[in-house]
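The values are calculated or read from the model by the stated rules, or taken from the named source; none is laboratory data. Here the structure is a predicted model, which means the values were calculated and not measured. Cβ placement follows ideal geometry from the backbone for every residue including glycine, while neighbour counts extend to all protein chains displayed.
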Amino acid sequence: MKSKGFTLVELIMTLTITGIVGVFVFQLFKAVTQESTKQDHISTLQRNLLQVRTALEKQLRMAGMNLENHAPVVIREGASVADSLTVLSIQPSQSAVLEMNENADAVVKVKNGNISPGGKLYLKDNGGSECHPVLSVVDLGANVLEVTLSTPLSKNFNKDSTTVRFVDSYSYFIDSTYPARPKLVRLKNSQLSTVAEGVSDLQVTYFDGSDNVTAIDSLVQKIQFTFKVEGKLTGELAAPFNATGNRSRENTVTVALRNRI
């Protein structure tokens, strides 16, 4: 008995059904992939938002610890650009001392400490305190550092009655080297690192104890920072966002400077 094959009509129907199923599967796969990409994009924005908030909040809570009469935070206002934010924080667990009595000059010898250019040297005795930016550091051996300051000491300091502290300087600002991919970076003394990608704006405001905006360093009790994190999707993925595919998140945080003394 001869076996009966498929007729032309049956072949056409089979190919048609297979094609319809294939198109359906492809569209389903495409939709799932697009949704996954969008969710990944949103998750990245949220993650970057959290990274910025956590880094700045933690830094500001440590600002000015034991820095008597010295502004712990400095901002540079930008009318059309983002502010920069510099936070001063004393290094923990250190026992630095003066190697010898110091005269009112710009070179100081310090024993038992670790500091790098870009940081600050803090000196305090019964006559007051000073905080000077560090230009250069030379290791003289035997745990002694020769520290050159940007400005001379205003008076003499006795090695037996002077408290010595090394102060790290943390500067936060927007790096727009690549305009399409801005990011928030941190300059710790002279070391640059990335805090979070996609950060396009940072605005900082000072408040006094009565929650009034102030520009007087000695009156500052709270700092409010507002930042924007954004990302961009292209093509069909941009449709749920806006015409350019941009999506942004903005967050405002207020931190009390608990270390003001």
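Assorted remarks:
- Search result, residues across region 1-45 that are at pLDDT 80 or above and β-branched (Val, Ile, Thr): Ile12, Thr14, Thr16, Ile17, Thr18, Ile20, Val21, Val23, Val25
- Scanning region 210-244 for residues that are more than 18 Å from Leu50 (Cα to Cα), in contact with a Lys or Arg (Cβ under 8 Å, 6 or more places away or on another chain) and at pLDDT 80 or above yields Asp211, Gln221.
- Residue count for region 201-230, restricted to those that are out of contact with any Phe, Trp or Tyr (no Cβ under 7 Å at 6 or more places or on another chain), without any contact (Cβ under 8 Å) to a residue 60 or more places away in the chain and not aliphatic (A, V, I, L, M): 9
- Residue list for region 178-192, restricted to those being part of a strand (DSSP E or B), farther than 18 Å from Leu60 by Cβ and either small (Gly, Ala, Ser) or out of contact with any Lys or Arg (no Cβ under 9 Å at 6 or more places or on another chain) (or both): Lys183, Gln191
- Conditions (1) assigned by TED's automatic domain parsing to the domain that holds Gly231; (2) of a type in the set (A, V, I, L, M); (3) crowded, with 16+ Cβ neighbours inside 10 Å; number of the one not met by Leu121: (1)
- Pairs linking a residue in region 240-261 that is closer than 25 Å to Gln34 by Cβ to a residue that is at pLDDT 60 or above and polar (S, T, N, Q), with Cβ atoms under 9 Å and 6 or more positions apart or on different chains, are Ser248/Ser200; Arg249/Gln46; Arg249/Asn48.
- Filter result (farther than 17 Å from Leu88 by Cβ, acidic (Asp, Glu) and either surrounded by 14 or more Cβ atoms within 10 Å (Cβ to Cβ) or touching a strand residue (DSSP E or B) at 6+ places or on another chain (Cβ under 7 Å) (or both)) within region 126-167: Asp139, Glu146
- Residue list for region 138-177, restricted to those being part of a strand (DSSP E or B), free of Cβ contacts under 8 Å to residues at least 60 places away in the same chain and not assigned by TED's automatic domain parsing to the domain that holds Lys109: Asp175
- Residue in region 187-196 that is closer than 26 Å to Ser84 by Cα and not assigned by TED's automatic domain parsing to the domain that holds Arg53 present: no
Residue-wise test of (1) of a type in the set (A, V, I, L, M); (2) at pLDDT 85 or above.
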residue	(1), (2)
Gly141	no, yes
Thr148	no, yes
Phe157	no, yes
Asp160	no, yes
Asp168	no, no
Thr177	no, yes
Leu187	yes, yes
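- Residues being at pLDDT 75 or above, in contact with a Lys or Arg (Cβ under 8 Å, 6 or more places away or on another chain) and buried (at least 19 other Cβ atoms within 10 Å of the Cβ) - total across region 68-85: 1
- Selection within region 125-137 - modelled with pLDDT under 85 and outside any strand (DSSP E or B): Gly127
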